[in-house]
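Only one structure is covered here, and it is reproduced in the block below.
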Amino acid sequence: MDLDLTPAEEAFRAEARAWLRAHVPSAPLPSLETEEGFAAHRAWEAELAADRWSVVNWPARYGGRDAGLIRWLVFEEEYYAAGGPGRVGQNGISLLAPTLFDHGTEEQRARVLPSMATGEVVWAQAWSEPEAGSDLASLRSRATRADGGWRLSGQKTWSSRAAFADRAFGLFRSDPDTPRPHQGLTYLMFDLRAPGVTVRPIGRLDGKPAFAELFLDEVFVPDEDVIGEPGQGWRVAMSTAGNERGLTLRSPGRFLAAADRLHRLWRDRGRPAWAQDRVADALAGARAYQLFAYAAASRLLDGESIGPKSSLNKVFWSEYDIALHETALDLLSEEGEAADSAWAEGYVFALAGPVYAGTNEIQRDIVAERLLGLPKGRR
Amino acid sequence: MRFLLDTEQRAFANSLDAMLTAADTPSVVREWSRGEHTRGRALWARIAEAGVFALAVPEAYEGLGPRPVELAVAFMELGRHAVPGPLVETVTAAALLGDPGPAKRFLPALASGESMATVAHEGAYALDGDVTAVRLALAVDGLRLAPGHGPVRGFLDPARRLTRLLPGGELLTPDPPVDRALLWARLATAAQALGVGLALLERTVAYVGQRVQFGVPIGSFQAVKHRLADAKIALEFARPLVLGAAVTMAPVDVAAAKVSACEAAYATARTALQLHGAIGYTAEYDLSLWLTKARALRTAWGTPHDCRTEVLRGP
């Protein structure tokens, strides 16, 4: 058991740090939930990609550095410590890409991944529907067989990034007659600008269009955009859901940097005693999350899978994120809640954490039933 | 970087677990709480034989250490089995007796389990002063060998038997490594508390799986499940802090581990008591052995406030 990086990993850290120091924008970019901010973030993804820093753990042939999980964790620490902007490509990079690595074809990977890495194509997730949130098995949007592909009809909602994104991925019911609700689903990628797609942005709490409703009317999708076998979408999606809840959606580096900023804020405000426990717990929590990730990465390198343990992660980071931002807002008072405050932006973003990626109630059920072995019961 | 226990470390934990399971520790604790130390001493000898105390003692003094990671692994098991006695204090004493003279004189016997030690500030309460051969007092002029102890005082956790160390005695060293010893004390306490929390969770999961109300096991109710899921999450995030602190032995990491493990164990104790209902509130049911220990370890060797203050001090 050790926490030592190899000389090569240390060299990687130094290289990343030097590059980030030279390139990270000195002023924060506008919120990526605005049209202007989205464009600025897309340009930043391109700048990262030009020197192969946008997806360091991917294979080199898709724009990565073959860096592996440990170096990815190191990169994320350096990225957020340097004040790197939130990643507009995150939905694609952390949700769709792992699915393509596990279940896609070589043709799909070669076609989809390079433009995802550069930010040229930004992906939105299209899981939820008006009657299906965390209960994905009750999805009703349809995929119907057509010549050379499928036609999608129905409605998706709470589709993150869809207001300004280019393409989306999600599950559709391709066989309405299966006896069990999570059978007969197919995982498809589609173009948000295709004929038959209507995107209606939805303002989140602060009014910014962080997500959207999608109305789909006989939208054609070619066969090449089906991931995995038709009808097997549930199984394909579950590997993605594990990623979403697990390591990659919230890197420890982000929380280490945020806890450090909170610590500085507390000191700058004269170290008020009422916030002392909360700031200390934020620091300890970021360290716990970092070490938990190192242990998870070590297990993955040993060939184990994360599986239901990703639910531990999901509950932890989502609640941690809110507690951290609440403390900052309490320290800052009105100043922190101003619309242009980075802490306010982070707070509004954090508030959604316990709801998406499978609500925390669902995650606690998974922890109780699958990790503790408690009996299934009425919800 | 491989932040996982290796095969040997896991085997060490498993062998301790098997030995302690066979030793029927609940009945040993109960006897210890009554001041009957025979079986407790016998168990101590076997724990020492397994090498636990030697992990805190340098090889030069017949130890195996210092090996904080293995020590943390061992103390998790000691906590899981509610082993009584001055476990943390013996490790802390080993860390305090760093000077060659006292080290040569006391450490071999601590490593082998031949003697137990306790440590406290002069005049303050020390754990198990009546059974320990080595009573170390932190006095204003240095580390002293206390000449004796006062009467035993009962405690919320009956297994913790406190005695005041009498003042005076031989001066062992004027400048003991107090900061270093505190790290070992906090690390061992954090690991022990994590073990206590894990045991409380394990026993409660088993209980709610078989306790039937309204015609179904209470463990099938979401309100019950979610409390246990929260306990699991708190313990699983305290675990890497404890092991990480053992790897770095940095004061900030050790303090974070101590406060997080103790808070997680204490929250788990509250959940365990609630989900057991009245049976959990009785002294005769074994759960009480861990419930009271979770409370006691929370303040031992650094209150939550002390540890958080250390965390805020930073590296």
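The values are calculated or read from the model by the stated rules, or taken from the named source; none is laboratory data. In this text, all values refer to a predicted model and were calculated from it rather than measured experimentally. So basically every Cβ, Gly included, is an ideal-geometry build from the backbone, and we count neighbours across all protein chains shown. Just the protein is used for accessible areas: all its heavy atoms, side chains included, with ligands, DNA and RNA removed. Shrake-Rupley method; radii C 1.70, N 1.55, O 1.52, S 1.80 Å.
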- Task: Could you please find all residues in region A:67-98 being buried (at least 22 other Cβ atoms within 10 Å of the Cβ) and among the polar types (S, T, N, Q)?
- Result: A:N91
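Listed here are the residues, each with its yes/no results for (1) open to solvent by 10 Å² or more (accessible area, probe 1.4 Å); (2) modelled with pLDDT under 95; (3) closer than 21 Å to B:P86 by Cβ; (4) part of a helix (DSSP H, G or I).
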{"site": "B:R270", "(1), (2), (3), (4)": "yes, no, no, yes"}
{"site": "B:G277", "(1), (2), (3), (4)": "yes, no, no, yes"}
{"site": "B:L289", "(1), (2), (3), (4)": "yes, no, yes, yes"}
{"site": "B:R295", "(1), (2), (3), (4)": "yes, no, yes, yes"}
{"site": "B:R298", "(1), (2), (3), (4)": "yes, no, yes, yes"}
{"site": "B:R308", "(1), (2), (3), (4)": "yes, no, no, yes"}
{"site": "B:V311", "(1), (2), (3), (4)": "no, no, no, yes"}
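Looking at region A:319-379, what helices (runs of 4 or more DSSP H) fall wholly within it and have at least 3 residues that are under 20 Å from A:Y80 (Cα atoms) and away from chain B (no Cβ under 14 Å)?
In region A:319-379, A:342-351 are the helices (runs of 4 or more DSSP H) which contain 3 or more residues that are under 20 Å from A:Y80 (Cα atoms) and away from chain B (no Cβ under 14 Å).
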- Message: Going residue by residue through region B:222-242, is there one that turns out to be more than 7 Å from chain A (Cβ to nearest Cβ), open to solvent by 10 Å² or more (accessible area, probe 1.4 Å), assigned to a loop (DSSP other than H, G, I, E, B) and farther than 16 Å from B:R295 by Cβ?
- Response: no
- Looking at region B:148-156, is at least one residue touching a residue at least 60 places away in the same chain (Cβ under 8 Å), part of a strand (DSSP E or B) and either over 15 Å from B:T90 (Cα atoms) or open to solvent by 20 Å² or more (accessible area, probe 1.4 Å) (or both)? no
- Residue that is nearest to A:R71 (Cα to Cα), among those in region A:270-287 that are touching a residue at least 12 places away in the same chain (Cβ under 8 Å) and within 9 Å of chain B (Cβ to nearest Cβ): A:R287
- Note on the structure: For region B:1-24 the number of residues that are within 12 Å of chain A (Cβ to nearest Cβ) and open to solvent by 70 Å² or more (accessible area, probe 1.4 Å) is 4
- Message: For region A:137-152, which positions are closer than 16 Å to A:Q232 by Cα, in a strand (DSSP E or B) and open to solvent by 20 Å² or more (accessible area, probe 1.4 Å)?
- Response: A:R142, A:T144, A:R145
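Can you pull out every residue in region B:175-201 that is among the basic types (K, R) and within 14 Å of chain A (Cβ to nearest Cβ)?
The answer is B:R186, and nothing else.
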- Note on the structure: Of those in region B:88-109 that are more than 14 Å from B:R180 (Cα to Cα) and out of contact with any Ser or Thr (no Cβ under 9 Å at 6 or more places or on another chain), the residue surrounded by the fewest Cβ atoms within 10 Å (Cβ to Cβ) is B:P100
- Query: Condition test on A:S311, is it open to solvent by less than 10 Å² (accessible area, probe 1.4 Å), among the hydroxyl-bearing types (S, T, Y) and without any contact (Cβ under 8 Å) to a residue 24 or more places away in the chain?
  - Reply: no
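Return yes or no: is B:G168 surrounded by fewer than 24 Cβ atoms within 10 Å (Cβ to Cβ) and touching a residue at least 24 places away in the same chain (Cβ under 8 Å)? Steps first, please.
Details: surrounded by fewer than 24 Cβ atoms within 10 Å (Cβ to Cβ): yes; touching a residue at least 24 places away in the same chain (Cβ under 8 Å): yes.
So B:G168 passes the test.
Search region A:19-31 for residues being aliphatic (A, V, I, L, M) and without any contact (Cβ under 8 Å) to a residue 60 or more places away in the chain, and hand back the single one that is most open to solvent (accessible area, probe 1.4 Å).
Looking at residues that are aliphatic (A, V, I, L, M) and without any contact (Cβ under 8 Å) to a residue 60 or more places away in the chain, I get A:A22.
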- If B:A124 passes every condition in (1) within 30 Å of B:Y281 (Cα to Cα); (2) open to solvent by less than 40 Å² (accessible area, probe 1.4 Å) but one, which one does it miss? (1)
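So that you can scan it fast, the table gives a plain yes or no per residue for (1) open to solvent by 30 Å² or more (accessible area, probe 1.4 Å); (2) over 28 Å from A:K156 (Cα atoms):
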| site | (1), (2) |
| --- | --- |
| A:L214 | no, no |
| A:E229 | yes, no |
| A:A258 | no, yes |
| A:A293 | no, yes |
- Task: Report yes if A:W44 is out of contact with any Phe, Trp or Tyr (no Cβ under 9 Å at 6 or more places or on another chain), open to solvent by less than 10 Å² (accessible area, probe 1.4 Å), at pLDDT 95 or above and farther than 20 Å from A:A344 by Cα, otherwise no.
- Result: yes
- Note on the structure: Counted residues in region B:247-280 being more than 13 Å from A:R287 (Cβ to Cβ) and at the interface with another protein chain (Cβ under 8 Å from one of its Cβ atoms) come to 0
- Where residues in region B:202-221 are open to solvent by less than 20 Å² (accessible area, probe 1.4 Å) and touching a Leu at 6+ places or on another chain (Cβ under 6 Å), which of them is nearest to the other protein chains (Cβ to nearest Cβ)? B:G219
- Selection within region A:297-312 - in a helix (DSSP H, G or I) and more than 9 Å from every other protein chain (Cβ to nearest Cβ): A:L300, A:G307, A:P308, A:S310
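Looking only at region A:272-316, which residues are among the hydroxyl-bearing types (S, T, Y) and within 22 Å of A:V74 (Cα to Cα)?
At the first step, the residues of region A:272-316 found to be among the hydroxyl-bearing types (S, T, Y) are A:289, A:294, A:298, A:305, A:310-311.
The answer is A:Y289, A:Y294, A:S298, A:S305, A:S310.
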- Message: Yes or no: region B:181-192 includes at least one residue that is out of contact with any Lys or Arg (no Cβ under 9 Å at 6 or more places or on another chain), open to solvent by 70 Å² or more (accessible area, probe 1.4 Å) and over 30 Å from A:L374 (Cβ atoms).
- Response: no
